[in-house]
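Here's the structure we're looking at; comments come further down.
Bear in mind that the values in this text are calculations on the coordinates, not laboratory data. Keep in mind it's a predicted model, so treat the numbers as computed, not measured. No Cβ is skipped: glycine too gets one built from the backbone with ideal geometry, and neighbour counts run over all protein chains shown.
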Amino acid sequence: MGLKGLKLPFASNRSKLTCTYKCGNACYGECANTSDNEYFGDIVSRRGVLQAFGLGVVTVGGGAALAACATEDEAAAPEGTTSPQDTATQANDAPPRPGMQFESVEPNTEDLVVVPAGYTSAVLIAWGDPVYEDAPEFDPMNQTAEAAARQFGFNNDFAGLLEHPDDPNRLVYVCSHEYSTEPHMFPNYDPENPTDEEINIGIASHGHTVLEVSKVGNSGQLQREFGPLNRRITGTTEFELKGAAAGSDLLKTSADPTGTMVLGTFNNCSGGVTPWGTFLSGEENIDQYWANAAAVTDERAAEDVKRFGVEEGASERKWERIHDRFDLAKEPNEFHRFGYIVEINPFDPESTPVKHTSMGRFKHEAGTIHVTDDGTVVCYSGDDARFEYIYKFVSSKQIKEGDVAHNMTILDEGTLYVASLEGNSPQDQITGDGELPEDGHFDGTGTWHKLLTATADGVESHVDGFTGEEVAVFTRLAADAVGATKMDRPEDFEPHPETGKLYLALTNNSYRGATGENAEKSKEDVMEYAPIRENKNGLVMEIDDEHAGESFTWNLLLVCGDPEAAQTYFGGFDESKVSPISCPDNLAFDSHGNLWISTDGNALGSNDGLYAVGLEGENRGQVKCFLTVPKAAETCGPIVDDMRVMVNVQHPGEEDDATFENPGSNWPEGGDSVPRPAVAVAWRPDGKQIGVDA
Ligand code: FEO
Ligand code: CA
Ligand code: CA
């Protein structure tokens with residue numbers, strides 16, 4: 001099929017087809033970060049002050065930005081919490097706390113959504129279902145771009161659920177549509193010669209959906225509705241470029257000589273809901289949509305396309321054949337207008353979405369917010385590629401309650417930082433096989449380094465050799481220059497709603513400290529913050545940040561994998577009593593303070609799933625699988641509230657030997673149907689709350 005299917009060993013069980021269409025083959029290529037920056041030393045750690053900020057939060061469920069924080073004393077020792085140091089020497093084993101009181105789902109390869117006994121699930125909406133009342137029903141044999149722009153898009157990833165402004169029996173569901181998988185979307189698809197209509201359907205299948213949903217009785221079940229808030233955002237929706245780089249020469253194109261307006265958004269991975277009722281979405285693997293990197297002549301821009309991984313010749317989808325803006329030989333700056341965090345107001349269907357350039361341009365997994373006691377907004381974002389960095393943006397403006405127009409400018413003015421991390425144990429105690437160092441923990445300190453400060457009047461660079469606008473656009477290159485720390489594919493950040501601590505999924509990095517044939521692809525040996533050689537199953541880091549300050553401490557909560565394998569670590573919990581977990585990706589919290597983790601690319605041979613993790617006391621590190629998704633699917637966008645658990649089932653059946661005609665899954669409709677990415681909702685038919693035995 002002309003796919004770039006290289007026969008290289010894969011760490012996770014993600015298919016080569018998923019690599020090609022989801023991440024533009026970031027999975028197997030040479031690591032693009034060839035910078036030689038090393039980790040920082042001599043860091044003084046200071047505990048951040050976490051105080052309550054009393055702002056109404058309109059969101060429920062995963063991805064929600066939560067403003068409330070504990071006081072300093074509470075943050076230092078939340079009730080029932082032991083620090084990692086206290087739990088080093090004994091394995092915990094305790095009955096699950098509220099929120100986790102369910103029978104764990106066993107690893108499986110069913111072509112189903114599997115939920116615990118006593119729970120049920122149903123599909124809310126699937127690829128091709130109408131979002132607008134006048135849209136046609138799904139008909140895979142008669143697709144058009146016009147219909148696709150009014151139907152639910154492909155490969156939904158991030159999910160948020162907001163209160164409905166008018167109707168207490170309704171909620172507003174929002175999601176991103178990360179990417180299109182043309183060989184599985186179209187009958188007889190020829191990747192060498194896509195039709196114009198197929199190209200335009202692909203573009204229309206990206207973006208976002210805003211959907212009104214109604215509650216079914218008193219259960220957690222939800223039903224899709226047609227309502228005035230329903231909206232599709234696609235690869236051709238107009239976005240306003242704002243912040244540090246807006247209007248700069250780097251963003252000007254022949255279609256937009258002002259450098260302030262751009263059509264569409266692509267590869268929107270995860271995101272977050274803001275406290276002011278909008279949602280953020282990260283533009284991630286954008287490189288794959290552009291062609292002809294070899295034509296870029298500007299030295300820094302050429303370095304940038306190489307770092308992102310743009311093809312030197314034709315792109316996989318070949319959109320450049322009919323749309324000049326995807327051809328770097330014709331429009332070298334269009335590429336600079338993607339790779340940002342975008343913000344969308346779901347309550348105003350006529351509003352123009354925004355791209356916030358002050359938060360930098362890289363492969364944003366997501367953007368998630370913590371609000372400090374004075375209303376300052378701190379937005380965290382990981383750059384999801386091997387050996388890339390973690391960032392935060394600290395606003396100079398404060399939230400004004402009820403003023404959405406003001407609040408949607410907060411992420412344009414402030415300071416962008418990138419992190420360096422250092423372990424506190426001697427390097428010779430980091431063996432690469434998961435053995436804990438003598439102090440019993442993978443832990444240490446970190447520092448945030450300023451990259452740019454954007455104001456209403458302009459942008460200041462904190463990086464020698466870069467203008468402020470260049471820092472905003474060529475952010476990875478600027479981060480190299482200040483000595484950022486190379487991480488194992490940073491995915492979601494999620495702030496704990498009460499303690500303010502941050503949780504960070506580091507999904508995997510098969511080249512970390514690699515030996516043998518991959519030795520040249522390793523850009524750094526094992527380190528205390530990335531202590532597993534050829535890390536196949538990922539890590540979950542807990543970070544105690546100063547939020548608006550420049551220091552933090554960190555420790556590894558989980559070293560994921562098969563608990564029977566020596567290298568895993570489950571926060572001190574008894575490893576004989578946890579679910580295996582591999583490749584953590586998206587994060588959410590329930591109302592009981594348990595962390596929920598969805599996985600992408602389970603390297604243990606079973607389907608991906610959604611896991612609840614205890615954080616406090618004797619439950620710290622207890623991992624229980626709540627749900628698994630169908631064959632070859634990824635679990636995305638978890639939302640966990642008291643009445644329901646929602647996941648976005650992305651790319652079901654995306655296997656290398658699958659085609660539209662010979663699908664790798666028949667979920668959700670069964671029979672010989674084509675698989676459809678969809679939203680699954682799980683609830684208890686007995687009407688009781690999720691994970692609560694009562
Ligand atoms: Fe789209 Fe980082 O996963
Ligand atoms: Ca240590
Ligand atoms: Ca992800």
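On the first, second and third principal axes, largest extent first, how far apart are the outermost C-alpha atoms of the chain in Å?
Taking max minus min along each principal axis of the Cα atoms, the chain gives 62, 61, 56 Å.
Obtain the nm distance between the two label points defined at Asn662 and His406 by a simple spin-label model: each point lies 7 Å from its Cα along the Cα-to-C-beta direction.
6.2
Quick one: which residues, 5+ away or cross-chain, put their amide H under 5 Å from the amide H of Gln221? H built at 1.01 Å from N.
Val216
Express in nm, to one decimal, how much length is gained between Glu137 and Glu192 on full extension, taking 0.36 nm for each residue of separation and deducting their alpha carbon distance. Could the numbers behind the result be given before it?
Numbers: separation 55, 0.36 × 55 = 19.80 nm, distance 2.91 nm.
Full-extension gain reported as 16.9 nm.
Counting helices only, and only those DSSP H runs with n ≥ 4, report the 222 nm mean residue ellipticity of the chain as the sum of -39,500 (n - 2.57) divided by its residues, in deg cm²/dmol to the nearest 500.
-2000 deg cm²/dmol
Can you tell me the FRET efficiency between Thr120 and Lys330 if r is taken as the Cβ-Cβ distance and R0 is 51 Å, rounded to the nearest 0.05?
Computed FRET efficiency for Thr120 and Lys330 comes out at 0.45.
I need the peptides 431-444, 277-290 ranked by packing, meaning the mean over residues of other C-beta atoms within 10 angstrom, with the highest value on top.
Averaged packing, sorted descending, gives the order 277-290, 431-444.
Starting from 0.36 nm per residue, how many nanometres of slack lie between Glu163 and Asp249 once their C-alpha separation is accounted for?
26.9 nm
Mind ordering 455-464, 617-626 by average Cβ neighbours within 10 Å, highest first?
Highest-to-lowest ranking by the protection proxy: 617-626, 455-464.
Compute the Cα gyration tensor for the stretch 483-592, then decide on rounded, prolate or oblate, letting a ≥ b ≥ c be the square roots of its eigenvalues: rounded whenever a/c is under 1.5, prolate when a/b is larger than b/c in the other cases, and oblate in all that remain.
Note, shape of the stretch 483-592 comes out oblate.
For Lys523, which aspartates and glutamates qualify as cross-link partners when the Cα separation must be under 12 Å and same-chain residues fewer than eight apart are set aside?
Leaving aside aspartates and glutamates fewer than 8 places away in the same chain, those within reach of Lys523 are Glu30, Asp36, Glu38, Glu388, Asp488, Glu534.
What distance in nm separates the simple spin-label points at Asp464 and Asp428, each placed 7 Å from Cα in the Cβ direction?
3.4
Roughly what would the spin-label model give for Thr455 and Thr144, points 7 Å off Cα along C-beta, in nm?
About 5.4 nm separates the two model spin labels.
In sequence order, what are the phi-derived ³J(HN,Hα) couplings for the stretch 219-236 according to the Karplus relation 6.51 cos²θ - 1.76 cosθ + 1.60 with θ = phi - 60°, rounded to whole Hz, with x for glycine and proline?
Result, ordered by residue: 7, x, 5, 10, 10, 6, 9, 8, x, x, 7, 4, 7, 10, 10, 10, x, 10 Hz.
Past the 21 Å Cα-Cα mark, which pairs from Lys22/Lys450; Lys306/Lys536; Lys318/Lys486; Lys450/Lys486?
Checking Cα-Cα distances, Lys22/Lys450; Lys306/Lys536; Lys318/Lys486 exceed 21 Å.
Dipole of the stretch 479-625, Cα-centred, from +1 at each Lys and Arg C-beta and -1 at each Asp and Glu C-beta, to the nearest 20 debye? Intermediate results must be reported in sequence, preceding the final value.
Working: 11 positive and 27 negative charges, 66 e Å.
Using Cβ point charges on Lys, Arg, Asp and Glu, the stretch 479-625 gives about 320 debye.
Indicate the gyration tensor shape class of the stretch 111-171 (rounded, prolate or oblate), computed on the Cα atoms with a ≥ b ≥ c the square roots of the eigenvalues: a/c under 1.5 is rounded; otherwise a/b larger than b/c is prolate and the rest oblate.
Oblate is the answer for the stretch 111-171, as a/c is 1.5 or above yet b/c matches or exceeds a/b.
Report the Cα centroid-to-centroid distance between the stretch 251-310 and the stretch 107-148 in angstrom, as an integer.
Measuring centre to centre over Cα atoms gives 29 Å.
Go ahead and run the numbers for FRET between Ser214 and Glu106, Cβ-Cβ distance against an R0 of 30 Å, rounding to 0.05. Working shown, then result.
Working: r = 34 Å, r/R0 = 1.12.
Efficiency, rounded to the nearest 0.05: 0.35.
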